[in-house]
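The values are calculated or read from the model by the stated rules, or taken from the named source; none is laboratory data. This one's a predicted model, so the numbers in the text were calculated from it and none came from an experiment. We place every Cβ from the backbone using ideal geometry, glycine too, and count neighbours over all the protein chains shown.
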Amino acid sequence: MKKINGISASPGIYIGKVFLYQDERLKVPKYQIEKEEIEFEFSRFLVAIEKAKSELEAIKDATKSMNISENEIVMLDSHIMMISDESFITQIKDIMCEKLLNVEWIFYEAIGAQIDKLSSSQNTYMEERVSDLRDIAKRILNNLMFKERIKLTDLQSKCVIVAHDLLPSDAIEMDKQNVKGIVLDVGGRTSHTAIIARSFEIPAVVGLFNITRNLKTGDDIILDGNAGIVIIEPDEETTKIYLEKIRRQEEIDQQLRPYVKKEAVTNDGKKIGIMANIEVPQELESVKSHGADGIGLFRSEFLLLQSKLYNSEDKQFEVYKTILQHMEGRPVTIRTIDIGGDKIIPNYEEIRERNPLLGWRGIRFCFSNRDMFKKQLRALYRASIHGNLRIMFPMISNVEEVDAALNIVEEVKRELRATSQEFKDKIPTGIMMEVPSAVLAVEFLAKKVDFLSIGTNDLIQYTLAIDRGNEKIAYLYQMYHPALLRLIKMTADAGKNAGIPVTLCGEMGGDPRATIVLLGLGIEGFSMSPASIPIVKKVIRNVEIKEAKEIVDTILQNGSGTEINTFIENWFNERFSGLI
Ligand code: PEP
Ligand code: MG
């Protein structure tokens, strides 16, 4: 038995078997072939090359339609050229004839030799060629070895997925019936894969560094998403303890069930809005069954990660209409595409940025993909007649971006009018408060929009200068850092002054221990993963705003996020003993 500590990414306990989701590292086989097999081997190589070419052409086409920079197209063209190099292809055949070894090995060695030669150069141009060659080598070897990424959509039995990392696009598509837990080498509590795990109520522990090296498919595992612990090959005694924990958790869930139907009103009568965060329309049932007052954040970029719906205005319209109709007049906040950062579009993995979290993300990506952005806005406005829509823009860092986004909204409305499309003229438009510069200039921004929504996941990341998905510095991810508490308060105060609502939709909003702090800082609306709603409602119904303000007055005097954390945990454990 071995116990390993990681980061708790999604609550819940599961006892079961491991499915090791292999990473991308390739093991290239090496074996002798007969002379008569040379032609067959060579034809396999040609097929792999053709397949790689068409994959690159497909990426190029998609790239063009998204207005991605000339450089990327040039890079893809150069990859296609390298793959088509006749002399290299002939060289592979010649070596194969001489050595009588399988083609993937010959190719692997030949390209390896070229990479070694270029790598010894100090020149930047050569370094880029090395990375081009590596990409090409990986693509062709994948094709030769029929190595498709195993889909997590069609697993045969219930299991805990153990992987180095999961792309958010993999996670969104996984088979929810069979994936009972997620365990990753990398990641932090607010990485998007962790968020998806919470949305689907799949327990997860991340940031375990090299757990994939310690496990194989079929191993027994206990995953404790509440404590962030993984136990490999547990003994009988430990399994018994965990079975008891599962039973206790079921009891707590039972106790919390009545809160689904109750309103979130504090003991001193303040009504707090409780909304749900969702990534895909499949979560709509869960939104209702957990008692949300509406949807506070629909991360619309997952439509794009899931099925490239950005290509079709009509398909997007159908999705938005379904969500609005399902919510029957309750508010639905749809955030425009926030792609970038760790939310990589499949097939665009090649388009690397030196620093994606500070790069081409959110509203910035939308401005340079104006057609795509307008398509989404048109679909949203057309769908607006089917419910209570609110539109929100992500990653806003200054007033110019707000003006530019609102100008595009007006342009879209004019176009819809010109084509006699029906839509609601007055849709509340708001912005995410997740970049420190936006918060520090909040009084200017608040004048231009109808609501503000604080995204603590990114606000913590950008304020504390820590990558939210990096396990190595996860210990620095402090919810109660005084800087963050001040920024939340500034935003809440500015909203009140401007007479507009301020809600909070980062993961902190779904943490029942943080509820008292957020109430005291002046937050009057929360949006969270649906499963967190009952417990947060319970806390709200058992506290008073006066008490929350007193607690906040106390903690704002403290400069240490760690000490504040201990203070809040102690307070919570005393007041809500046994709830977590
Ligand atoms: C946030 O940053 O807090 C947020 C809600 O947005 P996302 O997690 O999608 O970046
Ligand atoms: Mg964000």
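Criterion first (farther than 30 Å from Glu547 by Cα and not charged (D, E, K, R)) does Ile202 satisfy it? Judged against the criteria, Ile202 is a match.
Considering segment 190-201, the residues that are crowded, with 24+ Cβ neighbours inside 10 Å and within 21 Å of Ile222 (Cβ to Cβ) include one that is farthest from ligand 1 (Cβ to nearest atom), namely Ala197. Within segment 253-302, the residues that satisfy the criterion of being within 16 Å of ligand 1 (Cβ to nearest atom) and acidic (Asp, Glu) are Glu279, Glu283, Glu301.
The residue pairs whose first member lies in segment 424-443 and is among the β-branched types (Val, Ile, Thr), whose second member is more than 14 Å from ligand 2 (Cβ to nearest atom) and in a strand (DSSP E or B), and whose beta carbons are closer than 9 Å, counting only pairs six or more residues apart or on different chains, are Ile427/Leu389; Ile427/Arg390; Ile427/Ile391; Thr429/Arg390; Thr429/Ile391; Thr429/Phe451; Ile431/Phe451.
Inspect segment 92-104 for any residue being at pLDDT below 90 and assigned to a helix (DSSP H, G or I) and give the result as yes or no. Within segment 92-104, one or more residues are at pLDDT below 90 and assigned to a helix (DSSP H, G or I). Filtered by the rule that a residue be more than 12 Å from ligand 1 (Cβ to nearest atom), buried (at least 17 other Cβ atoms within 10 Å of the Cβ) and part of a helix (DSSP H, G or I), segment 463-485 gives Leu464, Glu471, Ala474, Leu485. When we screen Ile516, Ile488, Ile500 for residues that are within 16 Å of ligand 1 (Cβ to nearest atom) and of a type in the set (A, V, I, L, M), the only hit is Ile488. A single member of Asp371, Asp403 is acidic (Asp, Glu), touching a residue at least 60 places away in the same chain (Cβ under 8 Å) and either more than 16 Å from ligand 2 (Cβ to nearest atom) or assigned to a helix (DSSP H, G or I) (or both), and it is Asp371. Here the condition is being surrounded by 17 or more Cβ atoms within 10 Å (Cβ to Cβ), touching a residue at least 40 places away in the same chain (Cβ under 8 Å), not in a strand (DSSP E or B) and not acidic (Asp, Glu); of Leu223, Leu297, Leu243, Leu284, it holds for Leu284 alone.
Report the residue count in segment 1-52 for those that are part of a strand (DSSP E or B) and basic (Lys, Arg). Matching residues across segment 1-52 total 3. Would you say Ser397 is touching a helix residue (DSSP H, G or I) at 6+ places or on another chain (Cβ under 7 Å), under 20 Å from Asp338 (Cα atoms) and hydroxyl-bearing (Ser, Thr, Tyr)? Considered against the rule, which asks whether it is touching a helix residue (DSSP H, G or I) at 6+ places or on another chain (Cβ under 7 Å), under 20 Å from Asp338 (Cα atoms) and hydroxyl-bearing (Ser, Thr, Tyr), Ser397 comes out as yes.
Of all residues in segment 226-240, those satisfying the criterion of being over 29 Å from the mean Cα position of the chain (by Cα) and surrounded by 12 or more Cβ atoms within 10 Å (Cβ to Cβ) are Glu233, Pro234, Thr238, Thr239.
Would you call Glu263 modelled with pLDDT of 95 or more, more than 16 Å from ligand 2 (Cβ to nearest atom) and in a helix (DSSP H, G or I)? Taking the combined requirement at face value, the residue does not satisfy it. Thr515 falls short on exactly one of the conditions (1) among the polar types (S, T, N, Q); (2) in contact with a helix residue (DSSP H, G or I) (Cβ under 6 Å, 6 or more places away or on another chain); (3) more than 25 Å from Gly559 (Cβ to Cβ), and that condition is (3).
For Asn277, the criteria (1) within 16 Å of ligand 2 (Cβ to nearest atom); (2) at pLDDT 95 or above; (3) farther than 19 Å from Pro11 by Cα; (4) of a type outside the set (Lys, Arg) hold in every case but one, which is (3). Given the condition of a type in the set (Ser, Thr, Tyr) and more than 16 Å from ligand 1 (Cβ to nearest atom), answer yes or no: does some residue in segment 547-555 qualify? So far as segment 547-555 goes, yes, one or more of its residues are of a type in the set (Ser, Thr, Tyr) and more than 16 Å from ligand 1 (Cβ to nearest atom).
Being over 13 Å from Arg44 (Cβ atoms) and surrounded by 12 or more Cβ atoms within 10 Å (Cβ to Cβ) is the filter here, so list the residues in segment 83-93 that pass it. Scanning segment 83-93 gives Ile83, Ser84, Phe88, Gln91. Looking at this structure, is Ile460 among the β-branched types (Val, Ile, Thr), surrounded by 20 or more Cβ atoms within 10 Å (Cβ to Cβ) and in a helix (DSSP H, G or I)? Spelling it out, Ile460 is indeed among the β-branched types (Val, Ile, Thr), surrounded by 20 or more Cβ atoms within 10 Å (Cβ to Cβ) and in a helix (DSSP H, G or I). Applying the condition of being surrounded by fewer than 23 Cβ atoms within 10 Å (Cβ to Cβ) and not in a helix (DSSP H, G or I) to segment 488-510 and asking which residue is farthest from ligand 2 (Cβ to nearest atom) yields Gly499.
The listed residues are Thr463, Thr429, Thr419, Thr456, and the only one of them that is more than 16 Å from ligand 2 (Cβ to nearest atom), within 23 Å of Asn398 (Cβ to Cβ) and among the β-branched types (Val, Ile, Thr) turns out to be Thr429.
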